[in-house]
Amino acid sequence: MPLPPTTLIYLPATLRFLTRLPVPRFSWEPEDGPPDLDRLGPCFPLAGALIGLIGLIVHLTSLTVLPGFIAATLAVGAMTLATGALHEDGFADTADGLGGMNSERRLAIMRDSRLGTFGAVALLLATLLRIGALEGLATISWAGAAGALLAAATLSRLAALGLIAALPSARPDGLAGRAGRPSRATLWKAGIAAIAISAISVLMTMGWVEFLSGLLVAALAWSGVVRLASAKFGGQTGDVAGAAALTVEIAFLLGALIFARSIG
C-alpha cells in the first residue's frame with residue numbers, strides 16, 4: 001500500500017489524540033510514541049473537520065424529522081461524544097480555575113477532577129450558545145448552518161494549537177507540556193489547511209461576509225483567551241487549549257450568525 005502524503009501519515013494518530021473515535025493503527029504509520037504537537041499539528045484542522053462532519057451529518061439528518069432545537073442539540077451532542085468531551089472538560093476546568101486567588105491556586109483547582117460552580121455554569125452557557133447559534137443559522141439556511149459548523153470545528157482545533165504555540169507551558173509536567181510546542185512551520189501548515197477548509201465550507205453555503213465576520217469574531221475571542229491565560233495562569237495548559245478551542249468554535253458560529261441575520 002503506498003504511503004499517503006507526509007502530513008496525512010499522522011492523521012490517525014491525531015484523531016486518536018483529539019477524539020475517542022475507534023481509529024486503528026495502520027501499517028504505514030510511523031512508530032508510535034508520546035504525542036508530539038510538531039508532528040501532529042498540521043493534522044489538527046483535518047481532525048476538526050472530521051469532527052465537524054459528524055455533527056453536520058447528525059444535524060442535517062435530524063432536521064428532516066425533528067425541530068431545529070433538538071436537531072442542533074443532537075449535533076452538538078454527537079461532536080461532544082466524538083471527542084469524549086475533551087474540550088468541554090478543559091473549558092469547565094479553566095472556568096473553575098479562574099476562581100483561584102493566584103496562579104498556583106488556579107492551576108491546582110484545574111487539576112481537581114471535581115466540577116465546580118464556575119465550571120458548571122460556564123459549560124452550560126457554552127453548550128447553549130453552540131446549540132442556539134446552530135439553530136439560528138439553520139433557521140436562515142440549513143446549508144449555511146452546515147458550512148458554518150464545519151468551519152467552526154476546523155478553526156477551533158487551530159485555535160488550540162495556536163494557543164500552545166503562543167504561550168509557555170504553565171505546567172511542564174502536564175499533557176500539553178510533555179507534547180511540546182509546534183514550530184512556526186507546523187503552524188503555517190495547520191493555518192493554511194484550516195483557512196482553506198473553513199473558507200470553502202462557508203463560501204459554498206453562505207458568503208464572504210459571513211466567513212470574514214465569523215473569522216474576525218473568532219480571532220478576537222482567541223486573542224482574549226491568550227491574554228487571560230497569560231495573566232491568570234502564567235501560560236498555557238491542555239485545559240486552556242481546550243477552552244480556546246471551544247471559545248473559538250462558539251465565536252465563529254455567533255459571528256457568522258450575526259451577519260447572516262443582518263442580510264438574510
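In summary, E104 fulfils each of the numbered conditions (1) without any contact (Cβ under 8 Å) to a residue 60 or more places away in the chain; (2) over 19 Å from R227 (Cα atoms); (3) among the charged types (D, E, K, R) with the single exception of condition (2). From the list A122, A152, A145, A138, the lone residue that is under 17 Å from A219 (Cα atoms), assigned to a helix (DSSP H, G or I) and modelled with pLDDT of 95 or more is A152. Among the helices (runs of 4 or more DSSP H) confined to the stretch 162-258, there are none with at least 3 residues that are without any contact (Cβ under 8 Å) to a residue 40 or more places away in the chain, buried (at least 24 other Cβ atoms within 10 Å of the Cβ) and not acidic (D, E). Tally the residues that are closer than 16 Å to G214 by Cβ and more than 12 Å from the chain's Cα centre (by Cα), restricting the search to the stretch 131-174. Count: 14.
Against the list (1) in contact with a His (Cβ under 8 Å, 6 or more places away or on another chain); (2) within 16 Å of E88 (Cβ to Cβ), the condition A152 fails is (1).
In the stretch 61-113, which residues are within 23 Å of the chain's Cα centre (by Cα) and over 21 Å from L246 (Cβ atoms)? Those that are within 23 Å of the chain's Cα centre (by Cα) and over 21 Å from L246 (Cβ atoms): T61, S62, G68, I70.
In the stretch 63-79, which residue that is in contact with a Ser or Thr (Cβ under 8 Å, 6 or more places away or on another chain) and without any contact (Cβ under 8 Å) to a residue 40 or more places away in the chain is farthest from E249 (Cα to Cα)? Looking at the filtered set, the residue picked out is I70. Would you be able to say whether some residue in the stretch 174-197 is modelled with pLDDT of 95 or more, over 18 Å from C43 (Cα atoms) and not aromatic (F, W, Y)? Within the stretch 174-197, not a single residue is modelled with pLDDT of 95 or more, over 18 Å from C43 (Cα atoms) and not aromatic (F, W, Y). Assessment of the stretch 77-94 against the conditions (surrounded by fewer than 22 Cβ atoms within 10 Å (Cβ to Cβ) and in a loop (DSSP other than H, G, I, E, B)) yields at least one matching residue. The residues of the stretch 139-161 that are surrounded by fewer than 24 Cβ atoms within 10 Å (Cβ to Cβ) and among the hydrophobic types (A, V, I, L, M, F, W, C), listed by number, are I140, W142, A143. Could you say whether any residue in the stretch 114-128 is surrounded by fewer than 17 Cβ atoms within 10 Å (Cβ to Cβ) and closer than 27 Å to G207 by Cα? The answer is yes; a qualifying residue exists.
The values are calculated or read from the model by the stated rules, or taken from the named source; none is laboratory data. Small disclaimer: the values here were computed from a predicted structure and weren't measured. Ideal geometry is used to build each Cβ from the backbone, glycine not excepted, and the neighbour counts take in all protein chains shown.
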